[in-house]
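Heads up, the thing below is written out as structure tokens.
Every number in this text was worked out from the coordinates using simple rules, so none of it is lab data. Treat the numbers as computed from the prediction; the structure is a model and nothing was measured. Here Cβ is always computed from backbone atoms with ideal geometry, including for glycine, and neighbour counts include all displayed protein chains.
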């Protein structure tokens, strides 16, 4: 487990406000050196605490108005690695999780409309060998999404 000190937490907090913030601005805000910010961010990236600094795309602004959370039941759980590799080939699947309970995997997928959603489910996902069934819940909007608090 990575140990974070107060500077790591404050730097992450600054990045949470604006991921494109210049290191020099973070340094000025925290009254530390630009070099220290650079070294700390590199260390956090190397440790995997920060997985990357990339844009968050609003799919709806790009015409993807539908989303679902889909539980996937496999014929054999031992097929999960192969099935996951096939799921990775479907660009509309944006997240995939191992879960307990009735499903083996849980995915989030986005689509332009209900026809596109049907096509993804029936013509892409259901055709992957080893998938026994799917069960989808349509997403009606995200109330909030955030990182875990570090304070």
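General remarks:
- Extension gain, residue 34 back to residue 150 (0.36 nm per residue minus Cα-Cα distance, nm): 39.5 nm
- Inverting the pair-averaged 1/r between distinct Cα atoms of the chain gives 18.2 Å as its Kirkwood hydrodynamic radius.
- Convex hull volume per residue for region 6-47, taking Cα atoms only, in Å³: 60
- Kirkwood radius, region 84-123, all distinct C-alpha pairs, inverse of mean reciprocal distance: 10.9 Å.
- Relative contact order %, the chain, counting alpha carbon pairs below 8 Å whose residues are six or more apart: 24
- Over region 6-47, relative contact order from alpha-carbon pairs under 8 Å, at least 6 apart, %: 36
- Relative contact order (%) - criterion: Cα under 8 Å, at least six apart; region: region 72-139: 43
- Note on residue 89 and residue 102: the model spin-label points, each 7 Å out from Cα along the C-beta direction, lie 2.9 nm apart.
- Between region 26-44 and region 89-112, the Cα center-to-center distance that results, in Å: 36
- Using 0.36 nm per residue and subtracting the Cα-Cα separation, the extra length available between residue 61 and residue 133 on full extension is 22.8 nm.
- Taking the inverse of the mean reciprocal distance over all distinct Cα pairs, the Kirkwood hydrodynamic radius of region 59-139 comes to 12.6 Å.
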